[in-house]
1. Please list, or write none, the lysines whose alpha carbon is within less than 18 Å of the alpha carbon of Lys15, excluding same-chain residues fewer than 8 places away.
2. Please list, in order along the range 61-72, the HN-Hα scalar couplings obtained from phi with the Karplus expression 6.51 cos²θ - 1.76 cosθ + 1.60 (θ = phi - 60°), rounded to whole Hz, x for Gly and Pro.
3. Using r as the Cβ-Cβ distance of Glu73 and Ser101, and R0 as 35 Å, what FRET efficiency do you calculate, to the nearest 0.05?
4. Apply the Karplus parameterisation 6.51 cos²θ - 1.76 cosθ + 1.60, with θ equal to phi minus 60°, to every residue of the range 96-103 and state each ³J(HN,Hα) to the nearest whole Hz, in sequence, with x for glycine and proline.
5. When only alpha-carbon atoms are used, what values of Rg and Dmax, in angstrom, describe the chain?
6. May I ask which residue of Pro70, Tyr94, Val58 lies farthest towards the positive end of the charge dipole of the range 2-115, with charges of +1 (Lys, Arg) and -1 (Asp, Glu) on Cβ and the Cα centre as origin?
7. Give me the lysines in straight-line cross-link reach of Lys43: C-alpha distance below 18 Å, same-chain residues under 8 apart excluded.
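A short reminder: the numbers here are calculations on the coordinates, not readings from a lab. Keep in mind that what you see is a predicted model, and the values were worked out from it rather than measured. Reconstructed Cβ throughout: ideal geometry from the backbone, glycine too, with neighbour counts over all protein chains shown.
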Amino acid sequence: MRVLTEIECKNAMEKGEFELPELAAVSDMGAVILTQSWCPQWKAMKNYLPEAKKRLDVLKIFYIEYDQLPFFEEFMSFKENTLKNREIPFVLYYKDGKCSSTSNYLSMEGFLQRLA
């Protein structure tokens, strides 16, 4: 599990999507989580993600607590207007290098089912 860099976030805002080399391989699956640090659902999710990673060894998880970014308002606008989601956490699921679906908070079982 790793934090998205400011460069990755700015590139996503410019291109309208996340392009992460770590998700480009056909066998890779992953999740990009966009959230704010204070969100209780994010805290619950963050607690179960290590176990989810153990259950799906090829899973790659990226996240950003965008209320901590110096360009918070701009990123929030991108998430809400470009990605069309106003709730947190917002999860983008990736398979074979492409975004396959999205959701907001899910239990660990629901999260893993989205990746299966």
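1. The qualifying lysines are Lys79, Lys84, Lys98.
2. With the stated coefficients, the range 61-72 comes to 10, 10, 8, 9, 8, 6, 5, 8, 7, x, 10, 3 Hz.
3. Taking R0 as 35 Å, the efficiency between Glu73 and Ser101 is 0.80.
4. Residue by residue, the range 96-103 yields 6, x, 10, 5, 9, 6, 9, 7 Hz.
5. 13.2, 35
6. After comparing all options, I get Val58.
7. The reachable lysines, counting only those whose Cα sits under 18 Å from Lys43, are Lys53.
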